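Working notes, beginning with the structure itself.
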Ligand SMILES: [Mg+2]
C-alpha cells in the first residue's frame, strides 16, 4: 500500500491498486517507453499493478512481459465505461489511475487519485478536467507514486 496524508484532504490516501492505460500512457505507437518497466517493477512491491488497454496497436502482451501486472484487454464499445467499471470493481477509494485519452476520463474522475499524462500523444481536455494531477510524462507520474512526498506537495491545500 502507498499511504499519503495530504493536508486539507479529509481522508488519508491509501492506494492498493494502480490502473494504467497503455497507449499514450505507458507506450508510444504500441512500444513501451524507456524506464516504464523498471518503475512498474518497483511500484509492484507496494501496489497491485493493472494495465487496461483497447490494444489498438496489438502486441501488448509482449510489451508488458516482465512487468508484474494484471493485463486487461478490452473489446467492444463503451470503453470509457469499461475502464471506469474495472476501477469500481477494484474499489475506487483505494485505486490510483494514470491515463491520457478521452476514454480514461471516467476512471480518472472516479479513482481516489487520477493522474493525467500529456507526453507525445497529447491528452484529452475532458480527461484533464477529471484528473487530480497532470504530469508531463509517465516518468514523472510514476515518480509521484514512488516519492509520495511530491504528491503531498502538489495536492495540499
Ligand atoms: Mg491512451
Study note, to complete from the structure: CD proxy, 222 nm, the chain: helix-only mean residue ellipticity via -39,500 (n - 2.57) per DSSP H run with n ≥ 4, per residue, nearest 500, stands at -9000 deg cm²/dmol
Review point. Spin-label point model (7 Å from Cα, Cβ direction): what's the residue 128 to residue 38 distance in nm?
Key: 3.0 nm
Revision key, fill the gap. Quick shape check on segment 63-147: root eigenvalues a ≥ b ≥ c of the Cα gyration tensor, a/c under 1.5 is rounded, otherwise prolate if a/b tops b/c, else oblate, and it reads rounded
Point to revise | Percentage relative contact order, the chain, counting C-alpha pairs under 8 Å, at least six apart | key: 25 percent
**Study point:** Residue among 127, 140, 92 with the largest mean-square fluctuation in a Gaussian network model of the chain, springs linking Cα atoms under 10 Å
**Key:** 140
Point to revise | Calculated FRET efficiency for the pair residue 10/residue 150, C-beta based, R₀ 22 Å, to 0.05 | key: 0.55
Revision key, fill the gap. Segment 26-90 and segment 136-152 have their Cα centres apart by a whole-number Å value of 18 Å
**Study point:** Antiparallel bridges, percent of DSSP beta bridges restricted to segment 2-155 (to nearest 5)
**Key:** 20 percent
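We did not get these values from a lab; they are worked out from the coordinates using the rules stated. Here the structure is a predicted model, which means the values were calculated and not measured. Positions of Cβ are backbone-derived with ideal geometry, glycine not excepted, and every protein chain shown enters the neighbour counts.
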